[in-house]
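Student: Please find one structure pasted underneath; my questions will follow.
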Amino acid sequence: MSYVFPPPAQVSVEVKGRAERFPVNRIYCVGRNYAAHAREMGKDPDREPPFFFTKPANALVPNNSTIPYPPRTANLHHEIELVIAIGKGGKDIATASALEHVFGYAVGNDLTRRDLQFAARDAGRPWDTGKAFDRSAPITAIQPAQGQGFDKGKIWIKVNGEFRQQADVADLIWDVPEIISELSTLFELAPGDLIFTGTPAGVGAVKPGDHLEGGIDGLDTLITTIS
Ligand code: MN
(Lines give C-alpha, C1' and ligand atoms only; values in the text may rest on other atoms or scores of the structure.)
Protein backbone atom coordinates (compact mmCIF):
# COMPACT_ATOMS: atom_id res chain seq x y z
CA MET A 1 0.00 0.00 0.00
CA SER A 2 1.19 3.53 -0.62
CA TYR A 3 0.14 6.78 1.00
CA VAL A 4 0.04 10.42 -0.08
CA PHE A 5 2.50 11.15 2.75
CA PRO A 6 4.26 8.93 5.28
CA PRO A 7 1.68 7.50 7.71
CA PRO A 8 1.96 8.36 11.42
CA ALA A 9 4.14 6.03 13.45
CA GLN A 10 2.42 3.32 15.50
CA VAL A 11 2.10 4.64 19.06
CA SER A 12 3.49 2.14 21.58
CA VAL A 13 4.44 1.76 25.24
CA GLU A 14 7.41 -0.04 26.80
CA VAL A 15 6.68 -3.41 28.46
CA LYS A 16 8.62 -4.32 31.60
CA GLY A 17 11.05 -7.16 31.00
CA ARG A 18 10.29 -7.48 27.28
CA ALA A 19 12.01 -6.22 24.16
CA GLU A 20 8.63 -6.06 22.37
CA ARG A 21 6.48 -2.97 22.92
CA PHE A 22 2.72 -2.68 23.51
CA PRO A 23 1.07 -1.22 20.37
CA VAL A 24 -1.59 1.31 21.36
CA ASN A 25 -5.01 1.37 19.71
CA ARG A 26 -7.27 3.75 21.70
CA ILE A 27 -7.21 5.53 25.08
CA TYR A 28 -10.34 5.42 27.20
CA CYS A 29 -10.59 7.28 30.50
CA VAL A 30 -12.99 6.94 33.42
CA GLY A 31 -14.34 10.13 34.98
CA ARG A 32 -15.10 10.49 38.71
CA ASN A 33 -14.19 6.95 39.77
CA TYR A 34 -13.08 7.88 43.32
CA ALA A 35 -15.82 9.31 45.57
CA ALA A 36 -13.62 11.95 47.22
CA HIS A 37 -12.50 13.26 43.82
CA ALA A 38 -16.10 13.39 42.53
CA ARG A 39 -16.93 15.55 45.56
CA GLU A 40 -13.96 17.90 44.98
CA MET A 41 -15.30 18.35 41.43
CA GLY A 42 -18.62 19.44 42.96
CA LYS A 43 -20.48 16.20 42.19
CA ASP A 44 -22.27 13.61 44.34
CA PRO A 45 -20.86 10.12 43.63
CA ASP A 46 -23.98 8.55 45.17
CA ARG A 47 -26.17 10.20 42.53
CA GLU A 48 -23.96 10.12 39.43
CA PRO A 49 -22.02 6.99 38.47
CA PRO A 50 -18.60 7.22 36.76
CA PHE A 51 -18.52 7.66 32.97
CA PHE A 52 -16.12 7.48 30.04
CA PHE A 53 -14.28 9.90 27.77
CA THR A 54 -11.31 9.47 25.44
CA LYS A 55 -7.91 10.83 24.49
CA PRO A 56 -6.10 10.25 21.18
CA ALA A 57 -3.40 7.57 21.26
CA ASN A 58 -0.78 10.12 20.20
CA ALA A 59 -1.34 12.07 23.45
CA LEU A 60 0.87 9.50 25.22
CA VAL A 61 4.20 10.66 26.63
CA PRO A 62 6.91 8.21 27.76
CA ASN A 63 8.24 8.11 31.32
CA ASN A 64 11.02 10.53 32.28
CA SER A 65 9.96 13.14 29.72
CA THR A 66 9.96 16.91 29.84
CA ILE A 67 6.81 18.39 28.34
CA PRO A 68 6.03 22.01 27.52
CA TYR A 69 3.26 23.75 29.47
CA PRO A 70 0.31 23.37 27.05
CA PRO A 71 -1.31 26.30 25.23
CA ARG A 72 -4.62 28.05 25.99
CA THR A 73 -4.70 27.20 29.70
CA ALA A 74 -3.81 28.88 32.98
CA ASN A 75 -4.85 25.88 35.11
CA LEU A 76 -3.09 22.65 34.10
CA HIS A 77 -3.89 19.86 36.59
CA HIS A 78 -2.26 16.53 37.43
CA GLU A 79 -4.46 13.40 37.77
CA ILE A 80 -2.49 10.30 38.77
CA GLU A 81 -4.24 7.09 37.63
CA LEU A 82 -3.97 3.32 37.35
CA VAL A 83 -3.97 2.36 33.65
CA ILE A 84 -5.29 -0.97 32.34
CA ALA A 85 -3.70 -2.28 29.13
CA ILE A 86 -6.06 -4.53 27.16
CA GLY A 87 -4.47 -7.55 25.49
CA LYS A 88 -7.56 -9.41 24.28
CA GLY A 89 -10.58 -7.70 22.75
CA GLY A 90 -14.25 -8.35 23.26
CA LYS A 91 -17.70 -6.87 23.81
CA ASP A 92 -20.26 -7.44 26.57
CA ILE A 93 -17.48 -8.90 28.73
CA ALA A 94 -18.66 -10.35 32.05
CA THR A 95 -16.92 -9.15 35.21
CA ALA A 96 -16.07 -12.77 36.02
CA SER A 97 -13.93 -13.11 32.87
CA ALA A 98 -12.74 -9.49 32.58
CA LEU A 99 -9.22 -10.13 33.88
CA GLU A 100 -8.60 -12.53 30.96
CA HIS A 101 -8.64 -9.41 28.75
CA VAL A 102 -5.91 -7.58 30.68
CA PHE A 103 -2.37 -7.53 29.31
CA GLY A 104 -0.96 -5.44 32.14
CA TYR A 105 -1.02 -2.29 34.22
CA ALA A 106 0.79 1.05 34.22
CA VAL A 107 0.80 4.40 35.98
CA GLY A 108 -0.61 7.32 33.98
CA ASN A 109 -1.25 11.02 34.44
CA ASP A 110 -4.51 12.29 32.91
CA LEU A 111 -3.23 15.86 32.46
CA THR A 112 -6.18 18.25 32.30
CA ARG A 113 -6.61 21.86 31.21
CA ARG A 114 -9.09 22.35 34.07
CA ASP A 115 -10.19 25.81 32.97
CA LEU A 116 -11.11 24.55 29.49
CA GLN A 117 -12.73 21.39 30.90
CA PHE A 118 -14.96 23.40 33.26
CA ALA A 119 -15.86 25.90 30.54
CA ALA A 120 -16.94 23.00 28.34
CA ARG A 121 -18.74 21.25 31.18
CA ASP A 122 -20.65 24.38 32.17
CA ALA A 123 -21.68 24.99 28.55
CA GLY A 124 -22.75 21.36 28.02
CA ARG A 125 -19.99 20.91 25.43
CA PRO A 126 -17.54 18.02 24.86
CA TRP A 127 -14.42 17.80 27.02
CA ASP A 128 -11.86 17.33 24.26
CA THR A 129 -10.12 20.69 24.60
CA GLY A 130 -9.73 20.14 28.34
CA LYS A 131 -8.69 16.50 28.21
CA ALA A 132 -7.56 15.30 24.79
CA PHE A 133 -4.78 17.75 24.00
CA ASP A 134 -1.24 17.04 22.80
CA ARG A 135 1.05 15.35 25.36
CA SER A 136 -1.82 15.03 27.87
CA ALA A 137 -1.12 11.39 28.81
CA PRO A 138 2.28 10.60 30.41
CA ILE A 139 2.57 6.86 31.13
CA THR A 140 5.09 4.41 32.62
CA ALA A 141 6.13 1.07 31.16
CA ILE A 142 3.41 -1.59 31.35
CA GLN A 143 3.84 -4.31 33.97
CA PRO A 144 2.43 -7.60 32.54
CA ALA A 145 -0.53 -8.80 34.60
CA GLN A 146 -0.26 -12.56 34.21
CA GLY A 147 -3.98 -12.92 34.96
CA GLN A 148 -3.83 -10.86 38.13
CA GLY A 149 -6.29 -8.15 39.08
CA PHE A 150 -5.35 -4.84 40.67
CA ASP A 151 -7.67 -4.29 43.59
CA LYS A 152 -5.44 -2.47 46.07
CA GLY A 153 -2.22 -0.52 46.41
CA LYS A 154 -1.18 3.00 47.35
CA ILE A 155 -1.59 5.59 44.57
CA TRP A 156 0.15 8.94 44.97
CA ILE A 157 1.76 11.90 43.25
CA LYS A 158 4.27 14.45 44.49
CA VAL A 159 4.90 17.84 42.90
CA ASN A 160 8.37 19.21 43.71
CA GLY A 161 8.66 16.58 46.45
CA GLU A 162 5.35 17.38 48.20
CA PHE A 163 2.46 14.92 48.24
CA ARG A 164 -0.60 16.17 46.33
CA GLN A 165 -2.64 12.97 45.90
CA GLN A 166 -2.52 9.97 48.25
CA ALA A 167 -5.15 7.24 48.16
CA ASP A 168 -5.56 3.53 47.53
CA VAL A 169 -6.69 1.73 44.38
CA ALA A 170 -9.08 -0.18 46.67
CA ASP A 171 -11.17 3.02 46.77
CA LEU A 172 -12.13 2.85 43.06
CA ILE A 173 -15.93 3.07 42.66
CA TRP A 174 -15.81 0.82 39.58
CA ASP A 175 -13.00 -1.71 40.07
CA VAL A 176 -10.91 -3.16 37.22
CA PRO A 177 -13.35 -5.95 36.19
CA GLU A 178 -16.34 -3.58 36.42
CA ILE A 179 -14.62 -0.93 34.26
CA ILE A 180 -13.79 -3.48 31.55
CA SER A 181 -17.28 -4.98 31.67
CA GLU A 182 -19.06 -1.61 31.54
CA LEU A 183 -16.80 -0.13 28.83
CA SER A 184 -17.23 -3.26 26.68
CA THR A 185 -20.99 -2.70 26.54
CA LEU A 186 -20.37 0.70 24.92
CA PHE A 187 -17.38 -0.13 22.66
CA GLU A 188 -15.99 -3.41 21.39
CA LEU A 189 -12.61 -3.51 23.10
CA ALA A 190 -9.54 -4.36 21.05
CA PRO A 191 -5.99 -5.42 21.87
CA GLY A 192 -3.95 -2.25 22.37
CA ASP A 193 -6.68 -0.28 24.12
CA LEU A 194 -5.63 1.56 27.29
CA ILE A 195 -8.03 2.54 30.07
CA PHE A 196 -7.12 5.35 32.49
CA THR A 197 -9.23 4.33 35.50
CA GLY A 198 -9.81 7.68 37.23
CA THR A 199 -7.99 9.82 39.77
CA PRO A 200 -8.33 10.16 43.54
CA ALA A 201 -8.85 13.44 45.41
CA GLY A 202 -6.15 16.08 45.57
CA VAL A 203 -5.89 17.20 41.95
CA GLY A 204 -4.23 20.57 41.55
CA ALA A 205 -2.32 22.93 39.34
CA VAL A 206 1.20 22.51 38.02
CA LYS A 207 3.37 25.23 36.49
CA PRO A 208 6.46 25.47 34.31
CA GLY A 209 9.51 24.09 36.11
CA ASP A 210 7.52 21.64 38.25
CA HIS A 211 8.84 18.11 38.80
CA LEU A 212 6.10 15.46 39.02
CA GLU A 213 6.71 12.05 40.52
CA GLY A 214 3.81 9.60 40.88
CA GLY A 215 3.35 5.93 41.57
CA ILE A 216 1.24 2.93 42.46
CA ASP A 217 2.52 0.01 44.56
CA GLY A 218 4.07 -2.62 42.28
CA LEU A 219 4.41 -0.38 39.21
CA ASP A 220 7.10 2.00 37.95
CA THR A 221 7.33 5.57 39.21
CA LEU A 222 6.11 8.10 36.63
CA ILE A 223 8.43 11.10 36.38
CA THR A 224 7.51 14.14 34.32
CA THR A 225 8.94 17.64 34.21
CA ILE A 226 6.92 20.62 32.96
CA SER A 227 9.00 23.17 31.03
MN1 MN B 1 -8.88 11.48 35.06
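Student: If you add up the charges near Lys43, with Lys and Arg at +1 and Asp and Glu at -1, over every other residue whose beta carbon is less than 11 angstrom from its beta carbon, what do you get?
Tutor: 0
Student: Carbon-plus-sulfur fraction of the accessible area of the chain, 1.4 Å probe, in percent? Please report the intermediate quantities before stating the final value.
Tutor: On the way: 5380 of 10790 Å².
Answer for the chain: carbon and sulfur cover 50 percent of the accessible area.
Student: Add +1 for every Lys or Arg and -1 for every Asp or Glu among the other residues with Cβ under 10 Å from the Cβ of Thr73, and state the total. Present the calculation step by step, with values, prior to reporting the outcome.
Tutor: On the way: positive: Arg72, Arg113, Arg114; negative: Asp115.
Here the charged neighbours net out to +2.
Student: Label points 7 Å out from Cα along the Cβ direction at Ser2 and Gln166: separation in nm?
Tutor: 6.1
Student: Over the range 73-227, give the accessible area per residue in Å² for a 1.4 Å probe, as an integer.
Tutor: Details: 6210 Å² over 155 residues.
Roughly 40 Å² per residue, with all protein chains present.
Student: For the chain, what does the relative contact order come out to in percent, with C-alpha contacts under 8 Å and a separation of six or more? Can you show the working numbers first?
Tutor: Working: 567 pairs, mean separation 69.8, N = 227.
Dividing the mean separation by the residue count of the chain yields 31 percent.
Student: Here is a further query. Rounded to whole Å, give me the distance from the Cα center of the range 145-172 to that of the range 1-61.
Tutor: Using only Cα atoms, the two centres lie 17 Å from each other.
Student: For the range 44-59, in order, what is each residue's ³J(HN,Hα) by Karplus, 6.51 cos²θ - 1.76 cosθ + 1.60 with θ = phi - 60°, in whole Hz (x at glycine and Pro)?
Tutor: In residue order, the calculated couplings are 9, x, 7, 9, 10, x, x, 7, 10, 9, 9, 10, x, 4, 7, 7 Hz.
Student: Going by the alpha-carbon gyration tensor, a ≥ b ≥ c the square roots of its eigenvalues, is the range 62-122 rounded (a/c under 1.5) or, if a/c is not under 1.5, prolate (a/b greater than b/c) versus oblate?
Tutor: Details: a/c = 3.73, a/b = 1.86, b/c = 2.01.
Oblate is the answer for the range 62-122, as a/c is 1.5 or above yet b/c matches or exceeds a/b.
Student: For the chain, report the % of Cα-Cα distances exceeding 26 Å.
Tutor: Working: 8216 of 25651 pairs.
Value for the chain (Cα pairs over 26 Å): 32 percent.
Student: Oh, and also: With charges set only on the Cβ (+1 for Lys and Arg, -1 for Asp and Glu), what does the dipole of the chain come to about its Cα centre, in debye to the nearest 20? Don't jump to the answer; show the numbers that get you there.
Tutor: Working: 23 positive and 28 negative charges, 122 e Å.
Rounded to the nearest 20 debye, it is 580 debye.
Student: Then there is this: Per DSSP H run of at least 4 residues, take -39500 (n - 2.57); add these up for the chain, divide by its residues and hand me the 222 nm value, nearest 500 deg cm²/dmol.
Tutor: Details: 4 runs with 31 residues, N = 227.
Result for the chain, helices only: -3500 deg cm²/dmol.
Student: If you wrap a convex hull around the C-alpha atoms of the range 104-226 and split its volume per residue, what is the figure in Å³?
Tutor: Values: hull volume 15.5 nm³, N = 123.
Hull volume over Cα atoms, normalised by residue count, gives 126 Å³.
Student: At a Förster radius of 30 Å, what calculated FRET efficiency corresponds to the Cβ-Cβ distance of Ala94 and Met41, to the nearest 0.05?
Tutor: On the way: r = 30 Å, r/R0 = 1.01.
Once the sixth-power term is evaluated, E becomes 0.50.
Student: What residue among Val169, Pro138, Gly104 has its Cα farthest toward the positive end of the dipole of the chain, where the charges are +1 on Lys, Arg and -1 on Asp, Glu, each on the Cβ?
Tutor: Final value for the positive-end residue is Pro138.
Student: Please list 3J(HN,Hα) in residue order for the range 166-177, calculated via the Karplus relation 6.51 cos²θ - 1.76 cosθ + 1.60 where θ = phi - 60°; whole Hz, with x for glycine and proline.
Tutor: Along the range 166-177, the couplings run 8, 7, 9, 4, 4, 8, 4, 5, 9, 7, 4, x Hz.
The values are calculated or read from the model by the stated rules, or taken from the named source; none is laboratory data. Just so it is clear, the model here is predicted, and its values are computed rather than measured. Neighbour counts run over all protein chains shown; Cβ positions are idealised from the backbone, glycine included. Accessible surface areas use protein heavy atoms only, side chains included; no ligands, DNA or RNA. Shrake-Rupley method; radii C 1.70, N 1.55, O 1.52, S 1.80 Å.
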